[in-house]
Amino acid sequence: MAVRKKQRLADYGLNSERVLWRGKGPGVFEQELGEDLEDKLMLTTVGKAVAWAQGSSIWPDTFGLACCAIEMMSIVSSRYDIARFGAEVFRSSPRQADLLIVSGRVAHKMAAPLRQIYDQMLEPKWVIAMGACASSGGMFNNYAILQGVDKIVAVDIHVPGCPPRPAAIVEGIVRLQEKIKAGVPPAYEIRGVAS
Ligand code: SF4
(Lines give C-alpha, C1' and ligand atoms only; values in the text may rest on other atoms or scores of the structure.)
Protein backbone atom coordinates (compact mmCIF):
# COMPACT_ATOMS: atom_id res chain seq x y z
CA MET A 1 0.00 0.00 0.00
CA ALA A 2 1.38 3.39 -0.95
CA VAL A 3 2.29 5.62 2.01
CA ARG A 4 0.62 9.00 1.76
CA LYS A 5 3.20 11.79 1.74
CA LYS A 6 2.64 14.63 4.16
CA GLN A 7 1.84 17.73 2.19
CA ARG A 8 0.06 20.15 4.47
CA LEU A 9 1.48 22.23 7.32
CA ALA A 10 -1.23 20.72 9.52
CA ASP A 11 0.28 17.30 8.82
CA TYR A 12 3.40 18.54 10.57
CA GLY A 13 1.52 19.68 13.66
CA LEU A 14 1.07 23.35 12.78
CA ASN A 15 -2.51 23.95 13.86
CA SER A 16 -3.24 27.57 13.15
CA GLU A 17 -6.73 28.50 12.05
CA ARG A 18 -5.53 29.03 8.49
CA VAL A 19 -3.93 25.64 8.01
CA LEU A 20 -6.87 23.85 9.65
CA TRP A 21 -9.20 25.32 7.04
CA ARG A 22 -9.12 22.11 5.04
CA GLY A 23 -11.51 22.99 2.25
CA LYS A 24 -9.49 26.02 1.20
CA GLY A 25 -6.56 24.03 -0.21
CA PRO A 26 -2.89 24.87 0.21
CA GLY A 27 -2.10 28.51 0.81
CA VAL A 28 0.31 30.53 -1.33
CA PHE A 29 2.99 29.97 1.31
CA GLU A 30 2.52 26.21 1.14
CA GLN A 31 2.47 26.24 -2.66
CA GLU A 32 5.75 28.11 -2.73
CA LEU A 33 7.35 25.66 -0.34
CA GLY A 34 6.31 22.63 -2.35
CA GLU A 35 6.19 19.10 -0.98
CA ASP A 36 9.52 18.85 0.83
CA LEU A 37 8.30 20.98 3.69
CA GLU A 38 10.35 19.22 6.31
CA ASP A 39 13.64 20.10 4.64
CA LYS A 40 12.74 23.72 4.05
CA LEU A 41 11.14 24.43 7.41
CA MET A 42 13.92 22.63 9.36
CA LEU A 43 11.38 20.57 11.23
CA THR A 44 13.11 17.64 12.86
CA THR A 45 12.96 15.19 15.73
CA VAL A 46 14.96 15.06 18.94
CA GLY A 47 16.54 11.84 17.68
CA LYS A 48 17.79 13.49 14.53
CA ALA A 49 19.11 16.48 16.47
CA VAL A 50 20.98 14.23 18.90
CA ALA A 51 22.44 12.19 16.01
CA TRP A 52 23.58 15.41 14.34
CA ALA A 53 25.25 16.57 17.57
CA GLN A 54 26.92 13.19 18.13
CA GLY A 55 28.15 12.97 14.55
CA SER A 56 29.51 16.49 14.66
CA SER A 57 31.51 16.07 17.89
CA ILE A 58 33.32 12.75 17.64
CA TRP A 59 36.17 12.67 20.16
CA PRO A 60 38.83 10.04 19.37
CA ASP A 61 40.81 8.28 22.06
CA THR A 62 44.54 9.00 22.12
CA PHE A 63 45.70 5.55 21.20
CA GLY A 64 48.33 4.59 18.64
CA LEU A 65 49.79 1.19 17.95
CA ALA A 66 52.26 1.24 15.06
CA CYS A 67 53.26 3.04 11.88
CA CYS A 68 49.61 3.86 11.04
CA ALA A 69 49.50 6.00 14.19
CA ILE A 70 51.96 8.46 12.65
CA GLU A 71 49.49 9.08 9.82
CA MET A 72 46.65 9.31 12.33
CA MET A 73 48.48 12.01 14.30
CA SER A 74 48.77 14.21 11.26
CA ILE A 75 44.99 14.52 10.85
CA VAL A 76 45.01 17.23 13.53
CA SER A 77 47.66 19.24 11.68
CA SER A 78 46.79 22.35 9.73
CA ARG A 79 47.18 20.45 6.45
CA TYR A 80 44.31 18.02 7.13
CA ASP A 81 42.62 19.86 10.02
CA ILE A 82 40.11 17.34 11.32
CA ALA A 83 38.70 20.19 13.43
CA ARG A 84 36.67 21.03 10.33
CA PHE A 85 34.60 17.97 11.21
CA GLY A 86 34.51 18.46 14.98
CA ALA A 87 36.79 15.47 15.65
CA GLU A 88 40.07 17.11 16.67
CA VAL A 89 39.69 16.65 20.42
CA PHE A 90 41.80 13.57 21.08
CA ARG A 91 41.13 12.56 24.67
CA SER A 92 43.65 10.93 26.98
CA SER A 93 40.95 9.14 28.93
CA PRO A 94 38.71 6.57 27.24
CA ARG A 95 35.89 7.80 29.48
CA GLN A 96 35.90 11.08 27.57
CA ALA A 97 36.21 9.54 24.10
CA ASP A 98 33.64 7.97 21.83
CA LEU A 99 35.84 6.88 18.91
CA LEU A 100 38.63 4.30 19.05
CA ILE A 101 40.91 4.47 16.00
CA VAL A 102 42.86 1.21 15.96
CA SER A 103 45.91 2.50 14.12
CA GLY A 104 48.25 -0.37 13.47
CA ARG A 105 48.84 -4.05 14.04
CA VAL A 106 47.50 -5.50 17.28
CA ALA A 107 49.92 -7.91 18.96
CA HIS A 108 48.20 -10.53 21.08
CA LYS A 109 49.94 -8.92 24.03
CA MET A 110 48.11 -5.65 23.28
CA ALA A 111 44.70 -7.25 22.70
CA ALA A 112 43.74 -7.20 26.38
CA PRO A 113 44.72 -3.54 27.00
CA LEU A 114 42.94 -2.51 23.77
CA ARG A 115 39.79 -4.31 24.83
CA GLN A 116 40.04 -2.74 28.29
CA ILE A 117 40.20 0.73 26.75
CA TYR A 118 37.20 -0.11 24.56
CA ASP A 119 35.23 -1.34 27.57
CA GLN A 120 36.03 1.86 29.49
CA MET A 121 34.56 4.06 26.75
CA LEU A 122 31.00 5.16 27.40
CA GLU A 123 28.24 4.34 24.93
CA PRO A 124 27.51 5.21 22.23
CA LYS A 125 31.02 4.49 20.93
CA TRP A 126 32.50 3.69 17.56
CA VAL A 127 35.59 1.94 16.22
CA ILE A 128 37.63 2.59 13.08
CA ALA A 129 40.06 -0.14 12.00
CA MET A 130 42.80 1.87 10.32
CA GLY A 131 44.99 0.11 7.80
CA ALA A 132 45.56 -3.45 6.63
CA CYS A 133 47.04 -4.66 9.91
CA ALA A 134 44.16 -3.53 12.13
CA SER A 135 41.62 -4.84 9.63
CA SER A 136 43.13 -8.23 8.85
CA GLY A 137 46.61 -8.64 10.30
CA GLY A 138 48.07 -7.29 7.07
CA MET A 139 51.44 -8.71 6.12
CA PHE A 140 51.90 -10.13 9.63
CA ASN A 141 50.29 -13.50 9.14
CA ASN A 142 51.97 -15.03 12.18
CA TYR A 143 51.35 -16.22 15.71
CA ALA A 144 52.13 -12.87 17.34
CA ILE A 145 49.57 -10.66 15.61
CA LEU A 146 45.77 -10.61 15.94
CA GLN A 147 44.33 -11.29 12.49
CA GLY A 148 41.81 -8.45 12.55
CA VAL A 149 40.73 -6.30 15.46
CA ASP A 150 37.08 -7.15 14.79
CA LYS A 151 37.76 -10.36 16.70
CA ILE A 152 37.81 -8.41 19.98
CA VAL A 153 35.84 -5.19 19.31
CA ALA A 154 32.96 -4.32 16.98
CA VAL A 155 34.32 -2.31 14.03
CA ASP A 156 32.16 0.36 12.39
CA ILE A 157 34.50 1.53 9.62
CA HIS A 158 37.46 -0.13 7.91
CA VAL A 159 39.98 2.20 6.26
CA PRO A 160 42.17 0.36 3.71
CA GLY A 161 45.84 1.07 3.06
CA CYS A 162 49.33 0.43 4.41
CA PRO A 163 49.36 2.97 5.81
CA PRO A 164 46.22 4.84 4.81
CA ARG A 165 46.95 8.43 3.89
CA PRO A 166 45.67 10.99 6.42
CA ALA A 167 43.04 11.99 3.86
CA ALA A 168 41.76 8.40 3.92
CA ILE A 169 41.28 8.40 7.68
CA VAL A 170 39.54 11.77 7.37
CA GLU A 171 37.19 10.17 4.87
CA GLY A 172 36.65 7.28 7.27
CA ILE A 173 35.56 9.77 9.95
CA VAL A 174 33.27 11.54 7.48
CA ARG A 175 31.69 8.18 6.53
CA LEU A 176 31.20 7.46 10.21
CA GLN A 177 29.53 10.83 10.63
CA GLU A 178 27.18 9.99 7.79
CA LYS A 179 26.23 6.71 9.45
CA ILE A 180 25.62 8.37 12.81
CA LYS A 181 23.54 11.17 11.31
CA ALA A 182 21.53 8.65 9.27
CA GLY A 183 20.64 6.84 12.50
CA VAL A 184 22.66 3.67 11.86
CA PRO A 185 23.33 2.06 15.27
CA PRO A 186 26.92 1.45 16.41
CA ALA A 187 28.45 -1.85 15.31
CA TYR A 188 28.28 -3.35 18.80
CA GLU A 189 24.49 -3.00 18.73
CA ILE A 190 24.25 -4.69 15.31
CA ARG A 191 26.79 -7.47 15.70
CA GLY A 192 27.50 -7.58 19.43
CA VAL A 193 30.92 -7.85 21.01
CA ALA A 194 32.75 -11.05 21.88
CA SER A 195 33.00 -11.45 25.64
S1 SF4 B 1 48.98 -1.23 7.83
FE2 SF4 B 1 51.09 -0.81 7.20
S3 SF4 B 1 51.52 1.22 8.09
FE4 SF4 B 1 49.73 0.38 9.17
S5 SF4 B 1 50.54 -0.68 10.96
FE6 SF4 B 1 50.38 -2.18 9.31
S7 SF4 B 1 52.42 -2.19 8.36
FE8 SF4 B 1 52.27 -0.31 9.56
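Conditions (1) in a strand (DSSP E or B); (2) out of contact with any Phe, Trp or Tyr (no Cβ under 8 Å at 6 or more places or on another chain); (3) polar (S, T, N, Q), marked per residue:
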site	(1), (2), (3)
Ala87	no, no, no
Arg95	no, yes, no
Tyr118	no, yes, no
His158	yes, yes, no
Cys162	no, yes, no
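Can you confirm whether the stretch 64-76 contains a residue that is away from the ligand (no atom under 16 Å from the Cβ), aliphatic (A, V, I, L, M), within 20 Å of Ile117 (Cα to Cα) and crowded, with 16+ Cβ neighbours inside 10 Å? No: zero hits.
Which of the residues that make up the stretch 46-102 are aliphatic (A, V, I, L, M) and free of Cβ contacts under 8 Å to residues at least 40 places away in the same chain? Scanning the stretch 46-102 gives Val46, Ala49, Val50, Ala53, Ala69, Met73, Val76, Ala83, Val89, Ala97. Within the stretch 46-63, count every residue that is within 16 Å of the ligand (Cβ to nearest atom) and surrounded by fewer than 17 Cβ atoms within 10 Å (Cβ to Cβ). So the answer is 0.
Mind checking whether some residue in the stretch 151-162 is more than 17 Å from Ala69 (Cα to Cα), within 16 Å of the ligand (Cβ to nearest atom) and open to solvent by less than 40 Å² (accessible area, probe 1.4 Å)? Within the stretch 151-162, one or more residues are more than 17 Å from Ala69 (Cα to Cα), within 16 Å of the ligand (Cβ to nearest atom) and open to solvent by less than 40 Å² (accessible area, probe 1.4 Å).
Checked against (1) open to solvent by 20 Å² or more (accessible area, probe 1.4 Å); (2) touching a strand residue (DSSP E or B) at 6+ places or on another chain (Cβ under 6 Å); (3) not in a loop (DSSP other than H, G, I, E, B), Ala132 passes all but a single condition, namely (2).
In the set Arg79, Arg105, only one residue is among the basic types (Lys, Arg) and surrounded by 14 or more Cβ atoms within 10 Å (Cβ to Cβ); that residue is Arg105.
The values are calculated or read from the model by the stated rules, or taken from the named source; none is laboratory data. From a predicted model like this one, the values you see are computed outputs, not experimental measurements. Heads up, the Cβs are rebuilt from the backbone with ideal geometry, glycines too, and the neighbour counts pull from every protein chain shown. Ligands, DNA and RNA are stripped out before the accessible areas are found, and what is left, the full protein with its side chains, is counted by its heavy atoms. Shrake-Rupley method; radii C 1.70, N 1.55, O 1.52, S 1.80 Å.
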